[in-house]
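The values are calculated or read from the model by the stated rules, or taken from the named source; none is laboratory data. Note that the coordinates shown come from a computational prediction; the quantities given were computed from them, not determined experimentally. Virtual Cβ from ideal backbone geometry, glycine too; neighbours counted across all protein chains shown.
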Amino acid sequence: MNITTLLILLLTGAIITLISGDKLASKVALLFSLVAFGFSLNLLLQFNQGTNISFISNWIDNPKVAFALKADGLSMAMVLLTTALTPLIILSSFGNSFNNSKNFYALVLFMAFAMTGTFLAADGLLYYVFWELALIPIYFIALIWGNGDVDERKKAVVKFFIYTLAGSLFMLVGFAYLYSKAGSFLLEDLYKLELSHSEQFWIFFAFFLAYAIKIPIIPFHTWQAKVYQKAPTVGTMLLSGIMLKMGLYSVIRWQLPIAPDAAKEYMPVLIGLSIAGVVYGSIVALRQKDLKKLLAYSSLAHVGLIAAGCYTLTADGLNGAVYQMIAHGFVIVGLFFAAEVIFRRFETRKIKELGGIRSQASRFTSMFMILVLASVALPGTYNFVGEFTVLYSLSQVNLWFAVFGGTTIILGAYYMLKMFQNVMLGETNPKVFAEVNLNEAIVFITIIGFLLFFGLYPKPINDLVNPAIKEILAVINR
Amino acid sequence: MQVLISIVSLGVFCLLAEIFNLRKLLVPITVIGLLAVLGISLNLWSIDNSLDTQFTSMMATNKFSSAFSTLFILLTIFLIAMSDDFYKEHKAKFSDFIAIKLFLLTGAIAMVSFTNLAMFFLGIEVLSISVYILAASERLNVRSNEAGMKYFLLGSFASGLILFGICLVYGATGYFDMGEIYDLSQGVGLPVWYPIGVALVIIGMLFKIAAAPFHFWVPDVYEGSPTLTTATMSTLVKVAAIATLYKLVSGFSVTIGYKVENIIVVISILSMTIGNVMALRQKNLKRMLAFSGISHAGFMLMAFLNISTAANNLLYYTFAYALAGISAFAVIIMVTKNKENENIENFNGLGKMSPVMAAILTASLLSMAGIPIFSGFFAKFMLFSDTVKVGYIIVVIAGVINSIISIGYYFKLILAMYTKDFDNNEYKPANYYIYSVVAVLSMALNIVVGIYPSLVTQLLK
C-alpha cells in the first residue's frame, strides 16, 4: 500500500460524487473525504514505522518524466492538513444549498486530489501538472457558485486565473531549462544540479513569480481580496486554508533547494517584501467594512509572516513556517466559517449592520472568541507556537525584521478584537440569531480542539516536520 | 500505398452510390470503410519500408507518413461522421461532398508520403481544390461564395509560387526526386536559384498553414465557409500542411543556416502575437478560432528551431491541436446549426442547457490554451523544452506570454457559457446525437493522449 492509493481514492470520490445525483452528493463527498482522512492517518502510522510508502514509475519516455510520489515529514504534514480540512470544509457547507450540487462537491474533491498530488509529487513535471490542475476547480467554484454581482465576480476570478497561470507558466519555463541541464525532472536530480550564479537568479525569479502570486506576496497580492470576497465560503476556505499553502510548501520544497545561492543573496529583499505584506495587510484590514474582506487581509498579513520565515533559511524559520502553515490553515477556515454562520442568519457581511449577537448566541460567541484569539497567536493555541518560532528566527537574522513582523500580533489583536466587538457585542440585535446547530458546532469544536491540543502539546508535529526540514536545509547549505 | 488506393476507390464508390440509391447508408459505409483503411494503415506499421518507393519512386511509406496518415484518416472519420446531419438540406449533392472529403484525404496522404516534387504538387492541388469546393459549397449563401472565391484566388496564387519554386529547384539540381535533391544540397556549388526556389516553396507552404504575414485570407475564409468546412480547414488541412512543410524543410537542407533560423523565429513570434492579439477582439467564434489557428501555426513553427526533435513534437502538437479542434467544432456546429451567425452570444447559458456539451467545449478550449491533463499542455511543453535546449529562450518567453494572452479569449467563451443566461427560451441547441458522439470521442482521445503522451511520441521511434 502506498500513497498513490490516497490519490486514487480522492479521484474516485470525485467521480462517484459526480454521478451520485444532487441529493446525495454532499454526503458522498463527506464520506469520501473522511475515508481519505482516515487513510492518510493510516499512512502516517506506516510512515512513522518506517515503511516505504513512496511510489515511482515511468510515465513518459521522452521527455523523461516519472510518476514519482514521495512522502517525507513535510509532505505528510501538508497532506494531513489537506485531508483533515477537506471534510471540515465539506461539512461546513451543509447549511447552504447549491444548484447542481453534484458538480460542486465533485469539484471540491477533485481540488483536494490535485492539491494532495502537488504536496506529494517528487517529479517536476508531475508537480506542475497537479499545480495547474488545482486551478481549474477553484476557478469554476468561484465563478459559478460565488456571490455578488456576476460581472464583478467574473472580473475578479478571471484576473485570479490569469495571474496564477502567468506565474506558473514562467515556472514551467524554469523547469524546461532545468530539464535541459539535468536530463530529468526528478527532485533528487534537480537538487544535485550545480547551477551558475546567473542561472540560479533566473530560475529563482521564474519560480518566485509563480509562488509570490499564489501565496500572495506584495506586490502580487491584488487578486486576493476580491476573489476571497466573491468566492463562495467553501471556495474561500479552500483557497486560504490549503491552496496558498501550496505556494509556501513549494518555496521550501522546490525554490530554496534548487537555487539556494540566489535565495541567500536576495534574502533581505525577500524578507522585506514578505514583511511589507504583513504591515500592509494589517493596516488595510483595520479599515475594512466587509467581514470577509477583513479576514482576507488578515490572511495576507499572516502568510506574509510565514513567507518571511521560509526565506530566513534557518531551521527555526522553516520549521516555524510549517507550524504556522498548519495553524493558519485551521484558524482561517474557522474564521471564514464564522463569517458564513453569521451570513446565513443575517444575510449580510457588513460589519456595520452586525452587532448584538452575544446575548442571543453565547456558545457561538465563545467559539468565535477562541478563534479570534488563536488568530492573534494567544499562548496556548497552536498559532502561538508557529508565530513565535518564526518571529524568533527573524530576530536571529535581523532584529528589525522581528519588530516589524511582530506588528502582525499587535495590529492583528487590534483589528481582530475591534471586529469582534463590532460584530458580536453591543446592544442586542433586533434580528433573531439562532444558536449554532450540530453540524456547525462539530466544525468549530474540531478546529478549536485541534488548535488547543497542539498548542499545549506541539511535539507530534515537531517530530514529524523537523527531520524533513533538516534534510532540506542540508541541501540548501550544500 | 494500399491505403491510398483503398481511399480513392472508396471515393469512387461514393460517387457511384448515388446510382444505386444508397444515399442513406453512405455515411455508415464510408466510416466503416475508413476504419478498415485505418486498420490497414496500422498493419503496415510494423513494416518499415522507407527505402521502398512506389509509383516509380513517386511515394514512399515510412513511419512519418504512416503516423500522419493515421491522424488524417482519424480526422476524416470524425468529419465525415458529422456530414450526415450537416448536409441534410443538400440531398442532391450529398454523395459529392463525401467523395470530395475522401479525395481531400488522398491529397493529404500524398502530401506526407511524396518522394518526388511532382507528387507533392499533385497532393497539394488535390487537397486545395477539394477545400475550395467545400468552402463555396453553400451555393446560395453569399458569404460562402465569397469565402470560396477568396480562398481560391489567394490559394492558387500560393500554388503558383510553389510551382515556380519547384521549377527553380529543378533548374538548379536537375531532379524532382527528393532523395537526389537532398544529396546534392549537402554538397557545395548549387546555383543561387536553388535557395530562391526553396524559399518560394516554403513561402507557399506558410500561406497554406496560415502563418503571419501570409495569414490575411484566414479570418474571412473561416468565417464565410460552412462550419464543417471550417472544421476541416482548421484541423485536417492545417495539420497536413505543417507536416508537409516539415518534410520539405528537412528534405531540402538538413543544415538550416543561422539566418533561416532567425527568419523562423520572427515568423513564429509574429504569428503567435498577431493571432492572439487579433483574436482578443473577435465576436464571431469562427473568426476567433481562425486567429487562434494562426497563433497555433506560430507555435508549430517553433518546432522547426530544433529540427532533430521537430517530427516528434509536430506529430504530438498536431494530434493535440486537431483533436481539440474537432471536439470544439462538433459543439459549435451543434449550437449554431440553426443560427444566423456564430457569435459568442449564441453560447450564453450553454452550461445550464446542456452541461456535457459545455464541459467538452470548455475542455477543448483549455486544451488549446495548454492546461494540464489535456494533450495541449504536453504539446506546448515539449515544444518549449526542446526549444530551450537549443537556446532560443526568447521564442519560449514569447510563447509563454502568448499562452497567457490566449486565456483572455478562450475564457471569454467559457464565461459566456457559464455566467450568462440565454435570452430566448424557445431556443434549444440542436440535439443530434452524432455531434455529441464525435465530441465525446475526440475529447476522450485527447485526454488519453494527454495522460499517456508516449502513445503518440513513440510512433516515430
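Before moving on, here are some points about what is shown:
- Any pair with Cβ under 9 angstrom, 6 or more apart, that starts in region A:37-59 at a residue that is more than 20 Å from A:ASP463 (Cα to Cα) and ends at one that is in a strand (DSSP E or B) and aromatic (Phe, Trp, Tyr): A:PHE55/A:PHE67; A:ILE56/A:PHE67; A:SER57/A:PHE67; A:ASN58/A:PHE67; A:TRP59/A:PHE67
- All positions within region A:161-182 that are hydrophobic (A, V, I, L, M, F, W, C) and more than 9 Å from chain B (Cβ to nearest Cβ): A:MET171, A:LEU178, A:ALA182
- The single condition from (1) part of a helix (DSSP H, G or I); (2) away from every other protein chain (no Cβ under 14 Å) that A:ILE217 fails is (1).
- Looking only at region A:161-194, residues that are within 29 Å of A:ALA225 (Cα to Cα) and surrounded by fewer than 18 Cβ atoms within 10 Å (Cβ to Cβ) come to 1 in all.
- Residue match in region A:146-163 (condition: among the charged types (D, E, K, R) and not in a helix (DSSP H, G or I)): yes
- Scanning region B:349-371 for residues being closer than 20 Å to B:ASN276 by Cα and either out of contact with any Phe, Trp or Tyr (no Cβ under 7 Å at 6 or more places or on another chain) or facing chain A (nearest Cβ under 9 Å) (or both) gives a total of 7.
- Check on B:ILE434, on the phi > 0 side of the Ramachandran plot and surrounded by fewer than 23 Cβ atoms within 10 Å (Cβ to Cβ): no
- Looking across region A:156-191, the residues that are touching a residue at least 60 places away in the same chain (Cβ under 8 Å) and either farther than 24 Å from A:ASN62 by Cβ or of a type in the set (Val, Ile, Thr) (or both) come down to A:ALA156, A:VAL157, A:LYS159, A:PHE160, A:TYR163.
- Counting only residues that are more than 14 Å from chain B (Cβ to nearest Cβ), over 20 Å from A:ILE252 (Cβ atoms) and outside any helix (DSSP H, G or I), region A:29-85 holds 6 of them.
- Where helices (runs of 4 or more DSSP H) fall entirely within region B:225-323, those with at least 2 residues that are in contact (Cβ under 8 Å) with a residue 24 or more places away in the chain and within 14 Å of chain A (Cβ to nearest Cβ) are at B:258-280, B:285-302.
- Qualifying residue in region A:183-192 (condition: under 29 Å from A:GLU440 (Cβ atoms) and either part of a strand (DSSP E or B) or away from chain B (no Cβ under 12 Å) (or both)): no
- Qualifying residue in region A:195-208 (condition: under 19 Å from the mean Cα position of the chain (by Cα), more than 11 Å from chain B (Cβ to nearest Cβ) and of a type in the set (A, V, I, L, M, F, W, C)): yes
- Any hit, region B:98-114, residues being over 18 Å from B:MET233 (Cβ atoms), assigned to a loop (DSSP other than H, G, I, E, B) and modelled with pLDDT of 85 or more: no
- Residue match in region B:375-398 (condition: facing another protein chain (nearest Cβ under 9 Å) and more than 21 Å from A:SER184 (Cα to Cα)): yes
- Residue match in region A:300-315 (condition: in contact with a strand residue (DSSP E or B) (Cβ under 8 Å, 6 or more places away or on another chain) and surrounded by fewer than 24 Cβ atoms within 10 Å (Cβ to Cβ)): no
- For region B:435-461, the set of residues classified as without any contact (Cβ under 8 Å) to a residue 60 or more places away in the chain and either away from chain A (no Cβ under 11 Å) or of a type in the set (Ser, Thr, Tyr) (or both) consists of B:ALA444, B:VAL448, B:TYR452, B:SER454, listed by residue number.
- Checking each residue in region A:133-160 for being surrounded by fewer than 23 Cβ atoms within 10 Å (Cβ to Cβ) and within 7 Å of chain B (Cβ to nearest Cβ) picks out A:LEU133, A:ILE136, A:ILE144, A:VAL150, A:LYS154, A:VAL158.
- Within region B:398-411, residues that are in contact (Cβ under 8 Å) with a residue 60 or more places away in the chain and over 22 Å from B:ALA359 (Cα atoms) reach partners that are surrounded by 22 or more Cβ atoms within 10 Å (Cβ to Cβ) and of a type in the set (A, V, I, L, M, F, W, C) with beta carbons closer than 7 Å, at six or more positions or on different chains, in the pairs B:ALA398/B:MET272; B:GLY399/B:MET272; B:GLY399/B:PHE299; B:GLY399/B:MET302; B:GLY399/B:PHE384; B:ASN402/B:MET272.
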